[in-house]
Amino acid sequence: MTVGLPEAAGRPGYPADRHPVICGVGGYVPPDVVTNADLVARLDTSDEWIRTRTGIAARHFVGPGTATSDLAVEAGLRALKSADDSQVDAVVLATTTPDHPCPATGPSVAARLGLGGVPAFDVSAVCTGFLYGLATAGGLIASGAAARVLLIAADAFTTIVNPGDRSTAVIFADGAGAVVLRAGRADEPGAVGPIVLGSDGDQREMITVPAGGSRTRSTDEQPAHGDQYFQMAGRAIFRQAVERMTESSQQALAAAGWQLADVDRLASHQANARILAAVAERLDIDPERQLSNIERVGNTGAASIPLLLAQSAESGDLRPGQRVLLTAFGGGLTWGAATLTWPDLGPHPTPDAR
Ligand code: ACO
């Protein structure tokens, strides 16, 4: 599916003055840094294995008692501060790790941000959550239901990863990123282009937390086989991620009418450095055009893309006017891609987005 083509005869799309336009960005990672050496001290692994297989050197973990909403509030605050106006009409929170199975975490985040009674809800698409959230926020704007939306993507992934499972514990980490979107025109800096989205539920077991939902209910007993933890078929996911991110990127470029040469920056979900390199190679995008922070923050799930955008804008790797291709892949399975032109947001209040 492609969301957000311009309105044309016989085809629904964004009305001319109701395109989603990014006007604020913010990122946040919790203060505790966990290096590969820290993991080597408690897992049968090595710094060399982690670096060469994943490209990760360090990451941030939440401490006991810190939840997804705490990360989301920090990123949301920073995005609202960087926006021209801190009022929004809705809050969309993309997360894999809600504070509770019920209710959604979005309303609590909106309340803590002092946003009054605006509609707030969660979007669940694992590591593709930010792009699904972008389409959802864009839809609210296009329909006229909202003129401004705060989209936050936050994951406390370490709260669902088995700390003793070396194949996942070295990859996943915690963080949050957020953007403010306003209604605007397709040719403005910050405008989000067509968003390509897809899913394949037949492959749902490749990335799953088997227990704790309505299929395997929570009981007083501890689930068998570590089923309360995140599980991933690493090799199969690797192949799927490369294929789906490459294919959806090509579709998003075609829908936007962009050539590969038009892409100044590739901002992929920071799944694994080898996946990112394979996607860039297949797309024929040279490494200098690829944004990456995985070495410092690991795989932060849904938060990965907006955190990358916030940190890259802050460091100057991403500059106003540059044309960006976004792509993600995650559990579900889900995947997606979109284009946007980076806006001039002025100085970035992201002092903690290391
Ligand atoms: N340290 C040392 N050895 C390890 C570790 C580790 N941390 N993890 C696994 N191994 C071992 C395995 O036990 C296996 O040993 P064996 O051959 O004796 O059985 C060996 O390394 C190879 O295991 P594979 O799983 O085949 O290793 P692979 O080279 O495929 O790397 C990895 C594993 C890093 C998980 C890889 O499959 C991968 O990157 N997959 C994609 C995962 C990913 O990026 N997921 C995120 C995308 S989806 C999302 O974001 C939700």
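None of the figures in this text is laboratory data; all of them are computed from the coordinates on show. On a predicted model such as this, the values are computed, not experimentally measured, just so you know. No Cβ is skipped: glycine too gets one built from the backbone with ideal geometry, and neighbour counts run over all protein chains shown.
Enter the angle in degrees (range 0 to 90, nearest 10) between the Cα long axis of helix 234-256 and the first principal axis of the Cα atoms of the chain, meaning the one along which they spread out most.
0
Assuming R0 = 25 Å, what is the FRET efficiency of Arg323 and Glu281, from their Cβ-Cβ distance, to the nearest 0.05?
After rounding to 0.05, the efficiency reads 0.80.
Find the centroid of the Cα atoms in region 225-273 and in region 90-135, then give the distance between the two in whole Å.
If we compute the Cα centre of each part, the gap is 23 Å.
For Trp258 and Ser315, what is the calculated FRET efficiency with R₀ set at 22 Å and r taken between the beta-carbons, to the nearest 0.05?
0.35
So for region 166-288, taking the charge dipole from beta-carbon charges (+1 Lys/Arg, -1 Asp/Glu), which of Ala211, Leu260, Val279 sits furthest toward the positive end?
Value: Ala211.
For the chain, take the longest principal axis of its alpha carbons; what is the angle in degrees between that and the long axis of helix 273-283, to the nearest 10 within 0 to 90?
Between helix and principal axis, roughly 40 degrees.
How far is helix 68-82 tilted, in degrees, relative to the longest principal axis of the Cα atoms in the chain, given as a value from 0 to 90 rounded to the nearest 10?
30
May I ask you to order 301-307, 180-186 by the average number of other C-beta atoms within 10 Å around their residues, highest value first?
Packing proxy ranking, top to bottom: 301-307, 180-186.
By count of other Cβ within 10 Å, fewest leading, how are Leu151, Leu197 ordered?
Ascending number of Cβ neighbours within 10 Å: Leu197, Leu151.
Averaging sequence separations of C-alpha pairs under 8 Å and six or more residues apart, then dividing by the length of the chain, give the relative contact order as a whole percent.
Relative contact order, the chain: 26 percent.
Which one, His60, His100, Cys23, is farthest towards the positive end of the dipole of the chain when Lys and Arg carry +1 and Asp and Glu -1 on their Cβ?
Among His60, His100, Cys23, the one farthest towards the positive end of the dipole of the chain is Cys23.
Evaluate the relative contact order of region 124-201 (contact order divided by residue number), counting alpha-carbon pairs under 8 angstrom at least 6 apart; express in whole percent. Present the calculation step by step, with values, prior to reporting the outcome.
Details: 74 pairs, mean separation 23.5, N = 78.
So the answer I get is 30 percent.
With an 8 Å cut-off on Cα pairs and a minimum separation of 6 or more residues, tell me the relative contact order of region 19-162 in percent.
For region 19-162, the relative contact order is 29 percent.
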